[in-house]
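Colleague: Dropping the structure in here first, questions after.
The values are calculated or read from the model by the stated rules, or taken from the named source; none is laboratory data. What you see is a predicted model, and the numbers here were worked out from it, not measured in a lab. Please note: Cβ atoms are built from the backbone with ideal geometry, for glycine as well, and neighbour counts cover all protein chains shown. Side chains are part of the model used for accessible areas, which takes the heavy atoms of the whole protein and leaves out ligands, DNA and RNA. Shrake-Rupley method; radii C 1.70, N 1.55, O 1.52, S 1.80 Å.
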Amino acid sequence: MKKLTAFLLAVALVPMAAFSPAASAATAIKVKYNQKSIVFPDQKPILQNNRTLVPIRPIAESLGFDVDWNEETRTVLIKKGDDQVRLVVSQKIARKNGETVKLDVPAQIVNQRTMVPVRFIAEALEYEVNWDQQAQAVLIADQATDAKVDDPKEQPQEQKPEAPKAPIETDEVIVDSESITAKSANLMGLGVYSITGKTDPDSELTVTLDDKDFDVKVESDGSFKFELMDKIIVDYYKMTATKDGEEQIVEGVFTKRN
C-alpha cells in the first residue's frame with residue numbers, strides 16, 4: 001500500500017506538459033542538412049503557434065556561416081562570403097545584403113538561444129527546406145531554386161509567399177529627423193558617438209559610419225539610442241530606417257562635445 005501511494009504521488013508531481021502531444025512532438029523534431037543530422041547541444045527545435053522554430057546558430061554554422069551576437073542591440077549577424085544577414089530579436093524583419101526579408105513569426109530567445117522560423121532558412125539563407133512527416137524531420141539541402149517548406153502543422157495547400165522586393169525610398173516619415181541629437185568627441189584617438197531620437201516603433205534602424213553598419217535597438221515607444229566608441233573618426237553619419245519594405249535615409253553631421 002505504501003509503494004502504491006508513493007507511485008501515485010510521483011505521478012501527480014509530473015508536469016502535465018510532459019504528457020501533451022505538442023511537447024512530445026517538439027522534442028521529436030530533428031533537423032538534417034544533406035541527410036546529415038545537425039546536433040543541438042542544448043535547446044532543441046520547438047513548435048509554437050503552429051510554426052517550427054529552430055536554433056539559428058548550430059544550423060547556420062553547419063551551413064558554413066559565421067554567426068555573431070550583439071547583446072546590446074539583440075541582433076544576430078550571419079555571414080558567409082559576400083552575404084550578410086541581420087535579424088533583430090522580436091522583429092519580423094531581417095535584412096540580407098541591404099534587402100528586407102520578412103519572417104512569418106519574429107525571432108525570439110528561448111533558453112538563451114535565438115530561435116527563428118524554419119522558413120527563414122529557405123528565404124534568407126536560400127536553401128531548400130522540406131518537412132519529412134514520417135521521420136518528423138526538417139530536411140535542408142543545397143542549391144535551392146524553388147524552396148518550399150511544409151511545416152508540421154501547416155495546411156498542405158499553403159503556398160510559399162512571394163520573395164520580398166528590395167526596399168525603396170519613400171516620402172513617408174519613418175524617422176522623426178527633428179528629434180535626432182547627434183554628438184561626437186575624440187578620446188585618446190578614439191571616436192565617441194551618440195545618436196538619440198524617435199522613429200516608428202515597428203521600424204528597423206541602422207547607423208552607417210565610414211561604410212560600417214551598426215544595428216540600433218528601437219524601444220516600444222519608438223525611441224532609440226546609439227552609442228559607440230571606436231577607432232572610426234568621422235564627422236557625418238547616415239541612418240537608414242526600414243518599415244514594410246520601404247526605406248528612409250537620414251544623413252547628418254555630428255555636433256562636437258565640449
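Colleague: Output the residues belonging to segment 89-111 that are without any contact (Cβ under 8 Å) to a residue 60 or more places away in the chain and out of contact with any Ser or Thr (no Cβ under 7 Å at 6 or more places or on another chain). Explain how you work it out, then say what you get.
Modeller: Initially, segment 89-111 is screened for residues without any contact (Cβ under 8 Å) to a residue 60 or more places away in the chain, giving 89-90, 92, 94, 96-97, 103-109.
SER90, LYS92, ALA94, LYS96, ASN97, LEU103, ASP104, VAL105, ILE109 - these are the residues of segment 89-111 that are without any contact (Cβ under 8 Å) to a residue 60 or more places away in the chain and out of contact with any Ser or Thr (no Cβ under 7 Å at 6 or more places or on another chain).
Colleague: Another question about this same structure. List the pairs whose first member sits in segment 234-258 and is among the aliphatic types (A, V, I, L, M) and in a strand (DSSP E or B), whose second member is open to solvent by 90 Å² or more (accessible area, probe 1.4 Å) and at pLDDT below 90, and whose Cβ atoms are under 7 Å apart, counting only residues at least 6 apart or on separate chains?
Modeller: Qualifying pairs under 7 Å: ILE249/GLU169; VAL253/TYR236.
Colleague: Of the residues GLU204, GLU227, which is under 23 Å from ILE78 (Cα atoms), surrounded by fewer than 20 Cβ atoms within 10 Å (Cβ to Cβ) and touching a residue at least 12 places away in the same chain (Cβ under 8 Å)?
Modeller: Numbers: GLU204 fails: surrounded by fewer than 20 Cβ atoms within 10 Å (Cβ to Cβ).
One residue alone meets the criteria, GLU227.
Colleague: Return the pair list, or none, for Cβ contacts closer than 6 Å from residues in segment 172-197 that are over 20 Å from VAL250 (Cβ atoms) to residues that are open to solvent by less than 30 Å² (accessible area, probe 1.4 Å), at least 6 apart or on different chains.
Modeller: Listed by first residue and then by second, the contacts come to ALA185/VAL192.
Colleague: Out of the strands (runs of 3 or more DSSP E) lying entirely within segment 23-120, which hold 3 or more residues that are open to solvent by 10 Å² or more (accessible area, probe 1.4 Å), out of contact with any Cys (no Cβ under 7 Å at 6 or more places or on another chain) and not hydroxyl-bearing (Ser, Thr, Tyr)?
Modeller: Details: elements: 30-33, 46-48, 51-55, 66-70, 75-80, 83-88, 93-96, 99-102, 108-110, 113-117.
Passing ranges, in order: 46-48, 66-70, 75-80, 83-88, 93-96, 99-102, 108-110.
Colleague: Same structure again: Quick check on GLY222: is it in contact (Cβ under 8 Å) with a residue 60 or more places away in the chain and small (Gly, Ala, Ser)? Show your work before the answer.
Modeller: Values: in contact (Cβ under 8 Å) with a residue 60 or more places away in the chain: no; small (Gly, Ala, Ser): yes.
Criteria not met by GLY222.
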